[in-house]
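Since the structure comes first, as structure tokens, the remarks are kept for the end.
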Amino acid sequence: PASKIFGQAAVGSFGGHVQPVSHGTGPWLAAAAGASAMGVACRSHGSSANGPVEEGDLSQLPFLYGTAWKEQQTTELVVQAIRAGFRGIDTACQPKHYQEDLVGQALARLAVEDNLPREKLWLQTKFTALRGQDPRRIPYDPKAPLATQVEQSIQRSLHNLGTSYLDSLVMHSPMPTLEENLEVWGVFERALQAGQVRQLGISNCYDPRTFEMIYEAVRIKPKVLQNRFYADSGYDRELRAFCLDKGIKYQTFWTLTANPHVLAMPPIRKAAQRLKASPAQVLFAWLIRSGHQPLTGTRSLEHMKQDLEA
């Protein structure tokens with residue numbers, strides 16, 4: 001039964017109660033009574049998850065391609081992902097884990113080879129505080145005041161990506177104090193007002209009180225919360241409910257890596273078999289139809305195409 005998929009009743013683990021959610025051409029029963037129901041609408045909305053949104057609000061793309069840990073393969077993999085159909089790219093100004101400049105090289109190459117304009121893509125990057133940086137490769141002046149570090153990080157991201165604006169700017173993790181969070185956010189807000197950024201967000205924030213405190217304290221509200229989707233956080237049940245209530249897009253990473261036990265469960269596998277889909281597609285489809293935005297960082301072209309069909 002689906003009630004065992006995430007340790008508690010599925011309706012509790014995934015959002016509180018069963019309710020029909022309209023998506024595309026058919027209804028979706030969120031946290032339905034059986035995992036086979038999760039897969040009913042796997043492909044009900046067309047062959048490409050990203051395609052139907054391309055001409056509208058790109059911030060609502062069902063899927064993002066994540067570029068962490070790609071190192072020198074970053075350019076080729078981003079080119080491959082975009083040619084496969086992805087239009088949203090997630091990166092960070094953090095050379096320790098991301099090669100943001102190589103994402104920019106991929107975009108420049110696609111502009112020339114595929115005549116793909118910047119406006120058809122949705123780019124999200126992050127400011128990473130000193131504690132999250134490689135001391136040998138800090139992309140801003142580590143001795144500068146915090147606000148200046150944020151400003152320099154934004155300018156570096158714009159340069160690395162070869163763009164005049166960022167679709168989404170995310171705080172890579174909350175700062176140690178509310179005062180520091182508000183100082184970073186103040187720089188974010190000024191960048192948005194200057195036209196350098198279109199929306200703001202937070203990542204790696206697993207405490208609902210911390211997230212709600214920041215939300216209430218800032219003038220321009222976050223539009224994104226990006227978290228690891230895993231059992232240790234209780235799958236962020238309270239945070240996801242808050243995000244849905246406030247119109248914040250909850251983004252998931254480590255979605256497959258952290259959940260092999262879920263993908264292996266008989267209800268998921270039976271649904272996948274009946275629909276001629278993969279277990280990963282069943283999980284991704286559930287997340288998308290629950291109003292969330294998963295990231296996938298696959299290096300496989302076949303898996304990229306499968307993910308976009310979820």
Conditions (1) within 22 Å of the chain's Cα centre (by Cα); (2) in a loop (DSSP other than H, G, I, E, B) -> N181 fails only (2)
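Inspect all residues belonging to region 109-119 and state whether any of them is open to solvent by 70 Å² or more (accessible area, probe 1.4 Å) and under 24 Å from P174 (Cβ atoms).
The initial filter retains those residues of region 109-119 that are open to solvent by 70 Å² or more (accessible area, probe 1.4 Å), namely 112-113, 115, 119.
Subsequent filtering for residues that are under 24 Å from P174 (Cβ atoms) retains none.
No, because not a single residue in region 109-119 is open to solvent by 70 Å² or more (accessible area, probe 1.4 Å) and under 24 Å from P174 (Cβ atoms).
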Of G195, G201, which residue is touching a residue at least 24 places away in the same chain (Cβ under 8 Å) and under 13 Å from the mean Cα position of the chain (by Cα)? G201
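Which of the residues belonging to region 273-292 are out of contact with any Gly (no Cβ under 8 Å at 6 or more places or on another chain) and not charged (D, E, K, R)? Break it down stepwise before answering.
First, pick out the residues of region 273-292 that are out of contact with any Gly (no Cβ under 8 Å at 6 or more places or on another chain): 273, 276, 278-280, 283-284, 286-289, 291-292.
Across region 273-292, the qualifying residues are Q273, S278, P279, A280, L283, F284, W286, L287, I288, G291, H292.
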Kindly evaluate D141 against the criterion of being in contact (Cβ under 8 Å) with a residue 24 or more places away in the chain and over 22 Å from the mean Cα position of the chain (by Cα). no
Going residue by residue through region 223-233, is there one that turns out to be touching a residue at least 24 places away in the same chain (Cβ under 8 Å), more than 18 Å from the chain's Cα centre (by Cα) and open to solvent by less than 50 Å² (accessible area, probe 1.4 Å)? no
Let me confirm something: among L166, L178, L146, L158, which residue is closer than 29 Å to R240 by Cβ and surrounded by fewer than 21 Cβ atoms within 10 Å (Cβ to Cβ)? L178
Quick count over region 251-267, residues being touching a residue at least 24 places away in the same chain (Cβ under 8 Å), open to solvent by less than 40 Å² (accessible area, probe 1.4 Å) and touching a Ser or Thr at 6+ places or on another chain (Cβ under 9 Å), is 3
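The values are calculated or read from the model by the stated rules, or taken from the named source; none is laboratory data. The structure presented is a predicted model; accordingly, all values stated were derived computationally and were not measured. So basically every Cβ, Gly included, is an ideal-geometry build from the backbone, and we count neighbours across all protein chains shown. Areas reflect the complete protein model, heavy atoms only, side chains present, ligands, DNA and RNA absent. Shrake-Rupley method; radii C 1.70, N 1.55, O 1.52, S 1.80 Å.
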